[in-house]
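Input: a single structure, listed below in C-alpha coordinates.
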Amino acid sequence: MRRKSIGEILRETRLDTGIGLREMQKRTNIQVKYLQALEYNDFDAIPDERYIRSFLERYANELDLDSSILLEAFDHGALVAYEEEFEGEDEKSRRSSRKGRSYRTFSSFLPLIYLILLALVIILFITFVIYTRTRQNWTSPSVSGSSYSVVKETSTSLSTTESSSSQSSTSPSSESVSMVTQMDGTQMTVTVSGSKGSLPVSISGKNTTSWISLSGTELSDGVVISSENPQVTTTLPETIQSATLVIGVTEGVTVNIAGQPLDISRFPNDQPATILIQK
(Lines give C-alpha, C1' and ligand atoms only; values in the text may rest on other atoms or scores of the structure.)
Protein backbone atom coordinates (compact mmCIF):
# COMPACT_ATOMS: atom_id res chain seq x y z
CA MET A 1 0.00 0.00 0.00
CA ARG A 2 1.37 3.41 -0.97
CA ARG A 3 0.48 6.97 0.07
CA LYS A 4 0.11 9.94 -2.20
CA SER A 5 -1.22 13.47 -2.05
CA ILE A 6 -4.36 14.64 -3.83
CA GLY A 7 -2.32 16.42 -6.49
CA GLU A 8 -0.14 13.38 -7.25
CA ILE A 9 -3.23 11.20 -7.73
CA LEU A 10 -4.84 13.71 -10.12
CA ARG A 11 -1.64 14.32 -12.10
CA GLU A 12 -0.64 10.65 -12.49
CA THR A 13 -4.15 9.55 -13.44
CA ARG A 14 -4.35 12.29 -16.08
CA LEU A 15 -0.95 11.33 -17.51
CA ASP A 16 -2.02 7.67 -17.64
CA THR A 17 -5.05 8.62 -19.73
CA GLY A 18 -2.88 10.71 -22.10
CA ILE A 19 -4.93 13.89 -21.62
CA GLY A 20 -3.09 17.23 -21.80
CA LEU A 21 -3.86 20.23 -19.61
CA ARG A 22 -5.44 22.15 -22.49
CA GLU A 23 -7.77 19.26 -23.30
CA MET A 24 -8.64 18.85 -19.62
CA GLN A 25 -9.47 22.57 -19.46
CA LYS A 26 -12.01 22.08 -22.27
CA ARG A 27 -13.57 19.05 -20.59
CA THR A 28 -13.87 20.47 -17.07
CA ASN A 29 -14.14 24.20 -17.85
CA ILE A 30 -11.34 24.82 -15.32
CA GLN A 31 -8.45 27.12 -16.23
CA VAL A 32 -5.02 25.53 -16.73
CA LYS A 33 -3.46 27.49 -13.86
CA TYR A 34 -6.08 26.10 -11.45
CA LEU A 35 -5.62 22.57 -12.81
CA GLN A 36 -1.89 22.91 -12.11
CA ALA A 37 -2.63 24.30 -8.64
CA LEU A 38 -4.70 21.18 -7.87
CA GLU A 39 -2.00 18.85 -9.24
CA TYR A 40 0.73 20.49 -7.14
CA ASN A 41 -1.44 20.83 -3.99
CA ASP A 42 -1.18 24.62 -4.23
CA PHE A 43 -4.74 25.21 -2.98
CA ASP A 44 -3.90 28.74 -1.82
CA ALA A 45 -3.69 29.76 -5.49
CA ILE A 46 -7.47 29.20 -5.80
CA PRO A 47 -9.39 32.22 -4.44
CA ASP A 48 -12.20 30.48 -2.53
CA GLU A 49 -12.61 27.11 -0.78
CA ARG A 50 -15.92 26.57 -2.56
CA TYR A 51 -14.12 26.73 -5.89
CA ILE A 52 -11.50 24.27 -4.60
CA ARG A 53 -14.16 21.71 -3.71
CA SER A 54 -16.02 22.28 -6.99
CA PHE A 55 -12.82 21.96 -9.04
CA LEU A 56 -11.75 18.81 -7.17
CA GLU A 57 -15.12 17.18 -7.76
CA ARG A 58 -15.20 18.03 -11.48
CA TYR A 59 -11.60 16.98 -12.03
CA ALA A 60 -12.02 13.68 -10.16
CA ASN A 61 -15.24 12.80 -11.99
CA GLU A 62 -13.59 13.48 -15.36
CA LEU A 63 -10.82 11.02 -14.43
CA ASP A 64 -13.29 8.41 -13.10
CA LEU A 65 -11.98 8.86 -9.54
CA ASP A 66 -14.05 8.83 -6.34
CA SER A 67 -14.43 12.55 -5.65
CA SER A 68 -15.84 11.97 -2.15
CA ILE A 69 -12.56 10.39 -0.98
CA LEU A 70 -10.47 13.25 -2.38
CA LEU A 71 -12.78 15.83 -0.76
CA GLU A 72 -12.53 14.02 2.58
CA ALA A 73 -8.73 14.01 2.32
CA PHE A 74 -8.81 17.75 1.53
CA ASP A 75 -11.04 18.51 4.52
CA HIS A 76 -8.72 16.63 6.91
CA GLY A 77 -5.45 17.70 5.28
CA ALA A 78 -4.56 14.01 4.92
CA LEU A 79 -2.72 11.89 2.40
CA VAL A 80 -4.52 9.16 0.49
CA ALA A 81 -3.59 5.48 0.71
CA TYR A 82 -4.36 3.30 -2.29
CA GLU A 83 -4.13 -0.26 -3.47
CA GLU A 84 -3.51 -1.13 -7.12
CA GLU A 85 -5.34 -4.13 -8.58
CA PHE A 86 -3.74 -5.48 -11.78
CA GLU A 87 -5.41 -8.09 -13.99
CA GLY A 88 -2.45 -8.98 -16.20
CA GLU A 89 1.30 -8.99 -16.49
CA ASP A 90 1.46 -6.74 -19.54
CA GLU A 91 2.46 -3.12 -18.84
CA LYS A 92 -0.34 -1.68 -20.97
CA SER A 93 -2.95 -3.62 -19.00
CA ARG A 94 -1.36 -2.29 -15.80
CA ARG A 95 -1.75 1.28 -16.97
CA SER A 96 -5.37 0.77 -18.00
CA SER A 97 -6.20 -0.94 -14.70
CA ARG A 98 -5.06 2.05 -12.65
CA LYS A 99 -8.58 3.42 -13.00
CA GLY A 100 -9.57 0.55 -10.72
CA ARG A 101 -7.50 1.82 -7.82
CA SER A 102 -9.33 1.89 -4.53
CA TYR A 103 -8.53 4.86 -2.34
CA ARG A 104 -9.06 5.43 1.31
CA THR A 105 -7.94 8.22 3.58
CA PHE A 106 -4.68 7.91 5.43
CA SER A 107 -5.84 9.68 8.57
CA SER A 108 -6.91 6.40 10.24
CA PHE A 109 -3.28 5.20 10.25
CA LEU A 110 -1.87 8.33 11.93
CA PRO A 111 -1.84 6.94 15.51
CA LEU A 112 0.13 3.87 14.41
CA ILE A 113 2.59 6.04 12.48
CA TYR A 114 3.14 8.28 15.50
CA LEU A 115 3.95 5.23 17.65
CA ILE A 116 6.43 3.95 15.05
CA LEU A 117 8.12 7.35 14.83
CA LEU A 118 8.39 7.55 18.62
CA ALA A 119 9.99 4.10 18.73
CA LEU A 120 12.49 5.11 16.04
CA VAL A 121 13.45 8.26 17.96
CA ILE A 122 14.08 6.22 21.12
CA ILE A 123 16.21 3.68 19.21
CA LEU A 124 18.24 6.45 17.56
CA PHE A 125 18.86 8.14 20.91
CA ILE A 126 20.07 4.91 22.53
CA THR A 127 22.31 4.20 19.53
CA PHE A 128 23.79 7.70 19.72
CA VAL A 129 24.59 7.34 23.44
CA ILE A 130 26.27 3.96 22.92
CA TYR A 131 28.26 5.27 19.95
CA THR A 132 29.44 8.35 21.90
CA ARG A 133 30.65 6.32 24.88
CA THR A 134 32.38 3.75 22.65
CA ARG A 135 34.16 6.49 20.74
CA GLN A 136 35.38 8.09 23.98
CA ASN A 137 36.86 4.76 25.10
CA TRP A 138 38.67 4.30 21.78
CA THR A 139 40.10 7.83 21.76
CA SER A 140 41.55 7.72 25.31
CA PRO A 141 45.32 8.60 25.21
CA SER A 142 47.99 5.88 25.48
CA VAL A 143 50.59 6.02 28.27
CA SER A 144 53.61 4.02 27.13
CA GLY A 145 56.01 5.00 24.36
CA SER A 146 55.86 1.55 22.77
CA SER A 147 52.10 1.85 22.36
CA TYR A 148 52.58 5.20 20.62
CA SER A 149 54.99 3.61 18.15
CA VAL A 150 52.50 0.89 17.23
CA VAL A 151 49.72 3.42 16.67
CA LYS A 152 51.98 5.51 14.48
CA GLU A 153 52.83 2.56 12.24
CA THR A 154 49.17 1.63 11.99
CA SER A 155 48.27 5.18 11.01
CA THR A 156 50.90 5.11 8.25
CA SER A 157 49.50 1.84 6.97
CA LEU A 158 45.99 3.22 7.03
CA SER A 159 47.09 6.35 5.18
CA THR A 160 48.64 4.20 2.45
CA THR A 161 45.48 2.12 2.21
CA GLU A 162 43.28 5.21 2.05
CA SER A 163 45.49 6.73 -0.65
CA SER A 164 45.23 3.57 -2.78
CA SER A 165 41.48 3.44 -2.21
CA SER A 166 41.16 7.10 -3.20
CA GLN A 167 43.08 6.51 -6.44
CA SER A 168 40.97 3.48 -7.33
CA SER A 169 37.72 5.30 -6.54
CA THR A 170 38.56 8.24 -8.81
CA SER A 171 39.49 6.07 -11.80
CA PRO A 172 35.90 5.61 -13.10
CA SER A 173 35.69 9.36 -13.74
CA SER A 174 37.69 8.84 -16.93
CA GLU A 175 35.00 6.60 -18.41
CA SER A 176 33.23 7.90 -21.49
CA VAL A 177 29.45 7.98 -21.07
CA SER A 178 27.08 8.14 -24.05
CA MET A 179 23.33 8.77 -24.14
CA VAL A 180 20.73 7.82 -26.76
CA THR A 181 17.30 9.49 -26.56
CA GLN A 182 14.01 8.42 -28.11
CA MET A 183 10.61 10.17 -27.98
CA ASP A 184 7.44 8.08 -27.72
CA GLY A 185 4.43 10.39 -27.59
CA THR A 186 4.69 12.34 -24.34
CA GLN A 187 7.53 10.21 -22.91
CA MET A 188 11.27 10.29 -23.59
CA THR A 189 13.51 7.24 -23.13
CA VAL A 190 17.21 7.87 -22.38
CA THR A 191 19.62 4.93 -22.67
CA VAL A 192 22.95 5.55 -20.88
CA SER A 193 25.97 3.49 -21.95
CA GLY A 194 29.50 3.29 -20.57
CA SER A 195 28.58 4.09 -16.97
CA LYS A 196 29.80 1.93 -14.09
CA GLY A 197 28.64 2.31 -10.53
CA SER A 198 26.16 4.99 -9.49
CA LEU A 199 24.88 7.49 -12.07
CA PRO A 200 24.90 11.20 -11.09
CA VAL A 201 21.83 13.22 -12.08
CA SER A 202 21.52 17.00 -11.70
CA ILE A 203 18.42 19.16 -12.32
CA SER A 204 18.57 22.95 -12.20
CA GLY A 205 16.15 25.77 -12.96
CA LYS A 206 16.54 29.39 -14.00
CA ASN A 207 13.76 31.93 -13.43
CA THR A 208 11.23 29.13 -12.97
CA THR A 209 9.41 27.04 -10.37
CA SER A 210 8.95 23.35 -11.12
CA TRP A 211 8.17 20.12 -9.28
CA ILE A 212 10.76 17.33 -9.75
CA SER A 213 10.76 13.63 -8.82
CA LEU A 214 13.17 10.77 -9.63
CA SER A 215 12.23 7.22 -8.64
CA GLY A 216 14.83 5.02 -6.96
CA THR A 217 16.49 8.02 -5.23
CA GLU A 218 15.87 10.37 -2.32
CA LEU A 219 13.90 12.56 -4.77
CA SER A 220 11.22 9.88 -5.28
CA ASP A 221 8.71 11.80 -3.12
CA GLY A 222 9.28 14.99 -5.13
CA VAL A 223 10.99 18.34 -4.58
CA VAL A 224 10.40 21.88 -5.89
CA ILE A 225 13.18 23.84 -7.58
CA SER A 226 12.84 27.62 -7.50
CA SER A 227 14.91 30.76 -7.09
CA GLU A 228 15.50 29.77 -3.44
CA ASN A 229 16.43 26.18 -4.37
CA PRO A 230 17.66 26.40 -8.00
CA GLN A 231 19.43 23.03 -8.22
CA VAL A 232 19.09 19.47 -6.90
CA THR A 233 21.67 16.71 -7.35
CA THR A 234 21.34 12.99 -6.67
CA THR A 235 22.79 9.66 -7.77
CA LEU A 236 21.04 6.65 -9.26
CA PRO A 237 22.39 3.58 -7.41
CA GLU A 238 24.24 0.90 -9.37
CA THR A 239 21.54 -1.65 -8.50
CA ILE A 240 18.81 0.46 -10.16
CA GLN A 241 18.72 -0.26 -13.90
CA SER A 242 15.87 2.11 -14.77
CA ALA A 243 14.21 5.12 -13.15
CA THR A 244 11.49 7.62 -14.06
CA LEU A 245 12.18 11.37 -13.96
CA VAL A 246 9.08 13.63 -13.86
CA ILE A 247 9.39 17.40 -14.46
CA GLY A 248 6.28 19.50 -13.77
CA VAL A 249 7.33 22.51 -15.91
CA THR A 250 10.16 22.14 -18.43
CA GLU A 251 10.61 25.81 -19.27
CA GLY A 252 13.87 27.07 -17.77
CA VAL A 253 14.84 23.59 -16.49
CA THR A 254 18.19 21.93 -17.33
CA VAL A 255 18.93 18.22 -16.84
CA ASN A 256 22.44 16.74 -16.68
CA ILE A 257 23.12 12.99 -16.58
CA ALA A 258 26.68 11.90 -15.78
CA GLY A 259 27.81 15.45 -16.49
CA GLN A 260 26.20 15.54 -19.95
CA PRO A 261 23.25 17.86 -20.76
CA LEU A 262 19.95 16.27 -21.82
CA ASP A 263 17.88 18.04 -24.48
CA ILE A 264 14.30 18.36 -23.16
CA SER A 265 13.21 21.13 -25.53
CA ARG A 266 10.94 18.70 -27.39
CA PHE A 267 8.48 18.65 -24.48
CA PRO A 268 5.68 21.28 -24.42
CA ASN A 269 6.28 23.95 -21.79
CA ASP A 270 2.74 23.71 -20.37
CA GLN A 271 2.78 19.95 -19.78
CA PRO A 272 4.77 17.75 -17.37
CA ALA A 273 7.64 15.78 -18.91
CA THR A 274 8.18 12.07 -18.22
CA ILE A 275 11.70 10.73 -18.87
CA LEU A 276 12.65 7.05 -18.50
CA ILE A 277 16.37 6.64 -17.72
CA GLN A 278 17.83 3.22 -18.54
CA LYS A 279 21.33 1.88 -18.02
Among 18, 7, which is the only one that is at pLDDT below 90, under 21 Å from residue 268 (Cβ atoms) and not acidic (Asp, Glu)?
7
Can you find a residue in the range 72-92 that is within 24 Å of the chain's Cα centre (by Cα), acidic (Asp, Glu) and either at pLDDT 70 or above or over 29 Å from residue 42 (Cα atoms) (or both)?
yes
Among the residues of the range 204-225, is any loosely packed, with under 14 Cβ neighbours inside 10 Å, modelled with pLDDT under 90 and on the phi > 0 side of the Ramachandran plot?
yes
Can you tell me which residue is surrounded by the most Cβ atoms within 10 Å (Cβ to Cβ) among those in the range 238-262 that are in contact with a Gly (Cβ under 7 Å, 6 or more places away or on another chain) and within 17 Å of residue 193 (Cα to Cα)?
243
Leading residue by the ranking (nearest to the chain's Cα centre (by Cα)) among those in the range 178-201 that are small (Gly, Ala, Ser) and either more than 17 Å from residue 267 (Cβ to Cβ) or surrounded by 11 or more Cβ atoms within 10 Å (Cβ to Cβ) (or both)
198
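Quick grid of which residues meet (1) at pLDDT below 90; (2) more than 27 Å from residue 35 (Cβ to Cβ):
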{"position": "232", "(1), (2)": "no, no"}
{"position": "235", "(1), (2)": "no, yes"}
{"position": "238", "(1), (2)": "yes, yes"}
{"position": "245", "(1), (2)": "no, no"}
{"position": "249", "(1), (2)": "yes, no"}
{"position": "273", "(1), (2)": "yes, no"}
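The values are calculated or read from the model by the stated rules, or taken from the named source; none is laboratory data. Worth saying up front: this structure is predicted, and the values here are computed from it rather than measured. All Cβ positions, even for glycine, are placed from backbone atoms using ideal geometry, and neighbour counts span all protein chains on display.
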